[in-house]
Amino acid sequence: MNFTGEIVLITGASNGIGKELAQQYAKKGSSIIMADIDEKNGRILENKLNNDGQRALFMPCDVSQPEEIQNLFQEVCTTFGIPTIVINNAGISQFKSLFELSADEWDDMLSTNLKSVFLISKEAAIRWKKHHIHGRIVNIASTRAFMSEPNSEAYAASKGGIIALTHALALSLGPFQIRVNSVSPGWIATDNDAFRKVDHLQHPVNRVGRPEDVAKACFYLTDPDNSFVTGENIVVDGGMTRKMIYEE
């Protein structure tokens with residue numbers, strides 16, 4: 001798949017899955033806009049991509065703040081160009097007892113993980129509709145939208161909301177030839193943690209996932225040739241959510 005000429009906006013791009021997405025799309029010929037609150041690592045990645053002959057721009061942005069999202073789009077579209085692909089990857093997680101989780105903590109998680117997806121998608125779609133751009137959106141959800149551990153209410157709600165928002169946006173934006181899909185990663189190794197054998201073997205494919213596994217799903221969903229796919233959610237978890245568990 002070749003994404004030469006595309007302008008890809010990726011939120012939460014300074015680390016983890018977002019960082020890998022930025023690097024992978026850059027290798028495919030895209031110009032990259034990276035938005036994140038982690039300016040240090042974002043600038044490092046920006047310099048690396050530009051030094052490698054690619055075109056990249058880092059923009060500090062707290063996606064929980066609507067005014068920062070508006071400023072992001074105004075500056076990027078003026079100085080870099082209108083994004084043609086948006087990947088809503090930014091998110092935070094906090095696993096805290098239901099009995100201790102405050103309303104403010106709940107609101108912060110939902111604002112960062114879910115409301116930002118709506119606001120960023122809206123800002124992109126306004127410009128795509130005006131300029132007749134067939135844009136594509138991929139929202140990074142999670143298998144925790146379908147299965148949970150204790151003390152994950154806010155995170156699970158935000159990820160479940162992303163999947164519902166995805167198919168709602170797909171219907172609203174379909175008449176403008178704008179496609180919206182989501183990817184739900186499972187266990188993805190985003191650092192240098194040591195894994196036990198059992199960590200790998202509990203996956204039917206016998207390994208923990210890698211960020212590039214998520215990137216490949218995003219490639220499929222944003223390829224212009226795949227114009228018949230919208231409102232879809234792709235689970236990238238090595239089959240883990242399909243595996244029945246029995247106590248020995």
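Just the number, please: carbon plus sulfur as a percent of the accessible area of the range 7-242, 1.4 Å probe, no ligands or DNA/RNA counted. Result for the range 7-242: 51 percent of the exposed heavy-atom area is carbon or sulfur. Cross-link pairs exceeding 21 Å in C-alpha to C-alpha distance, out of 96/197; 19/129; 19/243; 28/122; 27/48; 197/243, comprise 96/197; 19/129; 19/243; 28/122. Structure remark: mean-square fluctuation, Gaussian network model of the chain, C-alpha springs under 10 Å; the largest value among 111, 158, 172 belongs to 172.
The orientation-averaged shadow of the Cα convex hull for the chain, equal to a quarter of the hull surface, comes to 14.4 nm². Placing dummy labels 7 Å off each Cα toward the beta-carbon, the span from residue 92 to residue 146 is 2.8 nm.
Choose one of 154, 12, 64: the residue whose Cα lies farthest towards the positive end of the charge dipole of the range 7-242 (beta-carbon charges +1 Lys, Arg; -1 Asp, Glu; about the Cα centre). Towards the positive end, the residue furthest out is 12.
Accessible surface computed residue by residue for the chain, with neighbouring protein chains in place and a 1.4 Å probe, gives 51 Å² per residue. The distance separating the Cα centre of the range 1-59 from that of the range 203-248 comes to 22 Å.
Accessible area of residue 119 (1.4 Å probe, protein heavy atoms only, ligands and nucleic acids ignored): about 40 Å². Available extension along the chain between residue 52 and residue 216 is 56.9 nm, counting 0.36 nm per residue and deducting the alpha carbon span.
Karplus-based coupling profile of the range 209-222, in residue order and whole Hz: x, 10, x, 5, 5, 5, 4, 5, 5, 5, 4, 4, 6, 9, with θ = phi - 60° in 6.51 cos²θ - 1.76 cosθ + 1.60 and x standing for Gly or Pro. If R0 is taken as 30 Å, the Cβ-Cβ distance between residue 62 and residue 134 corresponds to a FRET efficiency of 0.55. Extension gain, residue 39 to residue 190: 0.36 nm times the residue separation minus the Cα-Cα distance gives 52.5 nm.
The values are calculated or read from the model by the stated rules, or taken from the named source; none is laboratory data. The structure displayed is predicted, hence computed values, not measured ones. Counting neighbours? That spans all protein chains shown, and the Cβs are built from the backbone with ideal geometry, glycine included. Keep in mind that these areas ignore ligands, DNA and RNA; they rest on the heavy atoms of the full protein, side chains included. Shrake-Rupley method; radii C 1.70, N 1.55, O 1.52, S 1.80 Å.
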